[in-house]
Every structure is written in C-alpha cells, then in structure tokens.
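For reference, the structure is listed below as structure tokens.
Bear in mind these aren't lab numbers, they're just calculated from the coordinates by the rules spelled out. Everything numeric here is computed off the predicted structure, so don't read it as measured data. Cβ placement follows ideal geometry from the backbone for every residue including glycine, while neighbour counts extend to all protein chains displayed.
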Amino acid sequence: MARGRPSRAAAVAAALRSTPAHSATPQQDTDEEMIDATESRPDTPANEEEDADSPAQSDEEKPHSEPSSPPVIQSFPRKKRLGRPPKNRPPDWNVIDPDNSEGGTPVKRKRGRPSLNTPRGRASKGASHATRVPIDKEGNMMDVVDDELDLPEDAEGEEKVDKMGNLQGGRDYRVRVFKIGGRGDRLYMLSTEPARCTGFRDSYLFFTKHMQLYKIIIDDAEKRDLIDREIIPHSYKGRAIGVVTARSVFREFGSRIVIGGKKIIDDYYVTAAKERGDVEGELASPDDRLPPPGEPYNKNQYVAWHGASSVYHTGAPSVPVAHGKPVPGKRKVNITSANWQFEHARSSSRFNSNLSALRKANLQGTYDPHTNQMCYPKTTQPTHARWEEVSAADTDVPDIIRRRYLVVDIFVQKPPFSGLGIPGPDGAFCDVGPNGLPDLDEDDLEQMTPEAKENFLQAKQEEFEWKSNWQSESIDGARAKLKIPFNGVPV
C-alpha cells in the first residue's frame, strides 16, 4: 500500500523536538492538548491508520483552518553593540556564531598594530635581520666560503695572516677576537668593535662602505655561548648580534687594525698600498694611544659596555675623512723676550695688509639698500669744480664744431702733496680736521732747525697757491647773481 503523508501527531512530535526549550513564545491551547501525542503509538501504526481513512474524511478536514504544525523559532545572534560594554554582560553578549554562513562574516579590522597571536600579526620567529647578499663593484653575486667572501689572495699578504685569522710576525689586533662554538678555530670579531676602531659610529655604515666584508648574525645557541664566556653582556640576549671574521677585517683594513700598524709593512694588499702612494713604515693610525713598553694594549676601548660610547661625543665625522694635509688653523705663538719684537712687527704688517684689502674693496663702492645708490669714499671724490674757457688758439677743436657745439673737457687737478685739506673759502667749514698745515707762531719757528724751517715755509707757500686757485661757487661755477622778487621765483 502506498505511503501517504505523515499524520498530524507525528508532525507535532517532530516540531516539538526541533523547537528550542528557551523560546519566549507562549504555548497555544492546541499545543497543550498535543503534549499527550508524544506518548502515542509508533509512527508506523499511525501511518497505517491514516492510510485506512477514506478520501472523504480528508476532504472534510480541509475546511478546518488548524495549523499543521506550530511555528519554528530560531535563535539569531545579537547585533554587535557600539560603545562601552556593561560591567555585567549577559551570556550571549556579542557572541558570533561561526556556523551562520558558509564563509563567515568578515570581522572589521581594529585600529593599531595587530597582535602577534592573531592571524594578521606576524609570529615571533627570532631576529628579522637578513644577511645582505654579497655583490662586487659590478653588481655580480659573490661566493661565501668559510664565513667570508671568496676573494683573490695576495702572496705577500698570506704571509701575515693564516686561514683562521691568526696574525703572523708578532702582530696583534687592536680589538678583541674570539672563537665561536661550532665554527671551528676561526677567529671572529664583534662587528661594532672594528667599526669604532676604524672611525665609524655603527656597524651599518661599516658594512655599507666596505662591501667586501660579510656580516654574520649568530643564533641563540651561539649567543648564549658568548654570554657564558663574558664576551657580550647578558642584556644582549634579545638583540641581533653581528660578527665578522678577523681575517676579512685584516684583509680590508690591513695596518689600520693592527696595534702600532705601519703602512705597507702591515698591509695585506701591498701592491695596492704602494699604488695609493703610502709611505712605507709610516704609522697608519697616528691618533692611536699606544701603551708604554711592557704594558698590554687596551682592547676594551672599543667595547660599548666598557665606555666606547664616548666616541659619539668626540665630534668626529661618522665616515672617516680622507687622509691628507689638515686644514690650517690659527697658531698661538708664545711671546718671549727673544721674539716679541719680531712677532709685534709681523702682527702690525698683517694688520696693515688687512686694512689695504678693505680699502681696495671700498674703492669699488658699497651699495646702500636704503637709498638704492652706490656710495664711494669721500677721499676719492672731487670737492670743487670750476669752469675755464679755453681760447681758440689753445685748442685743436675745429671752428665748425666750436661754433655749433659746446665742447666740454674734464681735467682732474690734484694737490701737490697730501694733507692739504679742502681748498676754497669754505674748506675750513667742511673739513673737521686742521685743514692743511697748522699755523705756527714765530717762537715755534725759531726753535726749528734752518733746514726744517725752510721746508715748512715752502710747504706753506705751495698750500697757499693751491688753495688760491679755488674760489666760491659764484666765481668758479660762473653762476650769475639771481634776482629774487617778492614772489620768491628767481628771474
């Protein structure tokens, strides 16, 4: 027999099983009557009983508007609230059900740096200092062999250092060297110590300026080994420690990294040093503080935790300057009883030279921004001017030009000697000085020698003749005496 639709009792039972227990919807009267239906017979007899019903009975049940099953209530999560959360939060406060959708609703990203525990945050994987890829001057990649670049060897330089970085011939490094566990007997240096020894502030510029050095970042196990051996302090356990092989540092700097190093003698590349013009036997680092004979060299002067940070306050440049002739400075000479006259004369000569240079500069004029004019020294400008008409017999200007044009020629006349002052009747008014040679009494003239008296009187005569050549503006300037009427306008 064909199976029909399930009975109402079975539908009610299924609806009760799917309805959550914490629903706030009030129960209907029909639900109270159908509670007993859960204890009815199994579904199979119910289906058989339903099948036995006649079609007429099903047609009679259609006019009744009874719901086939009660509404199913689903629980939806609350919308995320804005603002400050309350102190006493309900259990379902801002609960996001991950099964609401297949892909899930994307969560809005919050402001600030993401946490390390979130998927967006970067997990802690130790130091992020990646070692630079070594390249040569042409940009080609270079091989790294035994923690240093594979560079061509120099025959003379190999006699001064072995493969492990040990200096030969009684030489010693200016900085500390040590071995690292798991790397054999090779000698290494902390990258900051040779950087400070050669004049750099930090190891970044040290490796940037010297591309043939290879920086190595040690791991945590090697770092703990250096801490146990007191090569680095315990506070450095969380830092990225960079080291470099001692052999590569000596190959790069040569005599500059050797105690009392001498050029060419203690250099690795001897041929290149000679081509640079280095003098053999000259100290590579004259400023290095060498200890007295019998005392050890202070290698801790370039260690940060031993006071090497004081190099930052010396005023030295971050990049070492090129070696050459220093800039000359002002020398201080001690004055003694043997050289005071010479130093006094030399200082006076230098002062006179400075005055002459200033005066020559003033001859070109000085611009005055207030008046927008060029100002020249008063001693270089004329004080008087006069007009003189030259007769036709004393000039070579043609008559046709003299009749049609006014020819003006400027002639500059100088005094016979300096110090005569300003000529003319207004000279004493314009000049604030004595305005020439002073007038002496007869008693003063009698006290002079005959030769000095004669020279003085001759100079006074020349001064009188010089000043007599200049008159007032009305005479020298050929200015007519203007008539001023009562209205004030000259006629």
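Things to note:
- For K360 and L82, the FRET efficiency from 1/(1 + (r/R0)^6), where r spans their Cβ atoms and R0 equals 60 Å, is about 0.15.
- Three-way shape label, region 332-491, alpha-carbon gyration tensor, a/c 1.5: prolate
- In the structure shown, the pairs K179/K237; K215/K262; K414/K467; K179/K215; K414/K460; K262/K299 are assessed against 21 Å; a Cα-Cα span above that value is assigned to K215/K262.
- Within region 326-420, the trypsin sites (Lys or Arg not before Pro) that combine a DSSP coil assignment with at most 10 other C-beta atoms in a 10 angstrom radius are K330, R331, K332.
- DSSP-loop GluC sites (Glu not before Pro) across region 201-282, with at most 11 other Cβ within 10 angstrom: E230
- Looking at region 146-181, the trypsin sites (Lys or Arg not before Pro) that sit in a DSSP loop and have at most 11 other Cβ atoms within 10 Å of their own Cβ are K163.
- HN-Hα J in Hz across region 288-303 - Karplus 6.51, -1.76, 1.60, θ = phi - 60°, x for Gly and Pro: 5, 8, 7, x, x, x, x, 10, x, 7, 7, 7, 7, 6, 10, 9
- Sites N300 and Q168, calculated FRET efficiency, Cβ-Cβ separation with R0 22 Å, nearest 0.05: 0.35
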